[in-house]
1. Which values of log₁₀ I(q)/I(0), to two decimal places, follow from the Debye formula for the chain at q = 0.13, 0.16 Å⁻¹ with a uniform point scatterer at every Cα?
2. Sort 88-94, 10-16 by the packing proxy (mean of other Cβ within 10 Å over each peptide's residues), most packed first.
3. If the only charges are +1 at each Lys and Arg Cβ and -1 at each Asp and Glu Cβ, what is the size of the charge dipole of the chain around the Cα centre, to the nearest 20 debye?
4. How many Lys pairs in region 5-93 lie less than 30 angstrom apart by Cα atoms, where the lysines are 8 or more positions apart or on different chains?
5. State, to one decimal in nm, how far the label point of Thr68 lies from the label point of Ile91, with both points 7 Å from Cα in the Cβ direction.
6. Along the charge dipole of region 5-93, which of Leu18, Met66, His29 sits closest to the positive end, that is, farthest toward it, with unit charges on the beta carbon of Lys, Arg, Asp and Glu (+1, +1, -1, -1)?
7. Please give the net charge around Glu53, taking every other residue with its beta carbon less than 13 angstrom from that of Glu53, where Lys and Arg add +1 and Asp and Glu add -1.
8. Would you mind ranking Val23, Val79, Val40, Val50 by Cβ crowding within 10 Å, fewest neighbours first?
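Any read-out appearing in this document is the output of simple, stated calculations on the displayed coordinates, not a laboratory observation. Being a predicted model, the structure only gives us computed values, none of them experimental. Cβ placement follows ideal geometry from the backbone for every residue including glycine, while neighbour counts extend to all protein chains displayed.
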Amino acid sequence: MVSDVKIEIIEQKRNELLKRFEVKFRIDHEKEGTPTRMQVRRSLASILDVDEERIYIKKIETKTGMTTSIGRANVYDSVSQAEYIEPKHIILRNIPKKEGEE
């Protein structure tokens, strides 16, 4: 986690059909750039008290010149459920890169 980054859950609702929580959050990152998906995943996992592998960041949007970002994430009941429902490009974006990869 980055020191000057604060994440606040704005909205959280249960989607029983897809077996997930749909979370909308706000990130205040004064003195820092927009945090990476992996940093946000780690922070959300600790806030929501769930495994990091079950969280899929859908979107993080920062308006130009602002120090606040709005994002959406899905928190699934299981990793297998997430792999069944989430589009492949979202799954790939949420996989940590190995050292040496860009």
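1. Listed by q, the Debye log ratios stand at -0.45, -0.69.
2. Details: 88-94: 12.6, 10-16: 10.3.
Ranking, from highest mean packing down: 88-94, 10-16.
3. Taking the Cα centre of the chain as origin, the dipole is about 320 debye.
4. Here the count comes out as 25.
5. Those two pseudo-labels are separated by 3.6 nm.
6. Met66
7. Once positives and negatives cancel, what remains is -2.
8. Listed from fewest to most nearby Cβ atoms, that is Val79, Val50, Val23, Val40.
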